[in-house]
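In what follows, a single structure is set out as structure tokens and then discussed.
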Ligand SMILES: [Mn+2]
């Protein structure tokens, strides 16, 4: 039995990559029927696909299920992200029953107005230093092996001292957390300037619903790590759901991804508490 909700918001599905958790997403979609379905960017990962395509049967089924919903009268909107930015040229165009829009305002059942954007334009890294984002992972792995090599060399040369990878990783976490705060703050600022009650975005793979001075910041998370989605209930209430094994569960805590394989959830929480204090 599927539950009827007013709207479903999904982002960062990254179809076409090995990381895409299409099976979990199919389980989630089986649980919810809605009047509106919003795809909030990075749905198909054209960046990764240019290096090699991973297209599974489940990913195919995801696309078919979405098309089917559109055909059956659900309002399906696709807001392109940076990994599917080629679609931005088609803002305002409909493909079959799916409307491509570069941004959108969703009016919830309770009358609140939400700005829908992917959010990469508020990410200072991908905006001004795209190569940093692309090279980041490669550079990190390279640094780790370099560190191992250096330690080996130091040991063999009997040199004292050790360049701490742990220290490096800690600094990196701090950078990652402040990156998330900066992103959230600038998105909220933009929503407020435009007189919105809230903003719904994706991009940083960090799902959360937060209220900041009367503006609701909502991030849909992703379907690579956290398997999270936002639903609007029939009364306009927004809820963050996490697709656990076989069933969706309510997510009370911010769902965080591990950046560079380091879990940030506890750190995010404690830093947020400090910041709020
Ligand atoms: Mn993105």
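No lab work stands behind these numbers, since they all come straight from the coordinates. Remember, predicted model here, so these are calculated numbers, not experimental data. Positions of Cβ are backbone-derived with ideal geometry, glycine not excepted, and every protein chain shown enters the neighbour counts.
Among the residues of region 9-33, how many are closer than 19 Å to residue 71 by Cα and touching a helix residue (DSSP H, G or I) at 6+ places or on another chain (Cβ under 8 Å)?
3
When region 88-103 is examined, which residues are found to be in contact (Cβ under 8 Å) with a residue 24 or more places away in the chain and either over 24 Å from residue 180 (Cβ atoms) or part of a helix (DSSP H, G or I) (or both)?
Those that are in contact (Cβ under 8 Å) with a residue 24 or more places away in the chain and either over 24 Å from residue 180 (Cβ atoms) or part of a helix (DSSP H, G or I) (or both): 96, 97, 98, 99, 101.
So which helices (runs of 4 or more DSSP H) stay within region 1-81 end to end and still have 1 or more residues that are within 16 Å of the ligand (Cβ to nearest atom)?
Once the helices (runs of 4 or more DSSP H) in region 1-81 are filtered for at least 1 residues that are within 16 Å of the ligand (Cβ to nearest atom), what remains is 46-49.
Could you grab me the full set of residues in region 25-46 that are surrounded by fewer than 20 Cβ atoms within 10 Å (Cβ to Cβ) and either touching a residue at least 60 places away in the same chain (Cβ under 8 Å) or within 18 Å of residue 237 (Cβ to Cβ) (or both)?
27, 31, 32, 33, 35, 36
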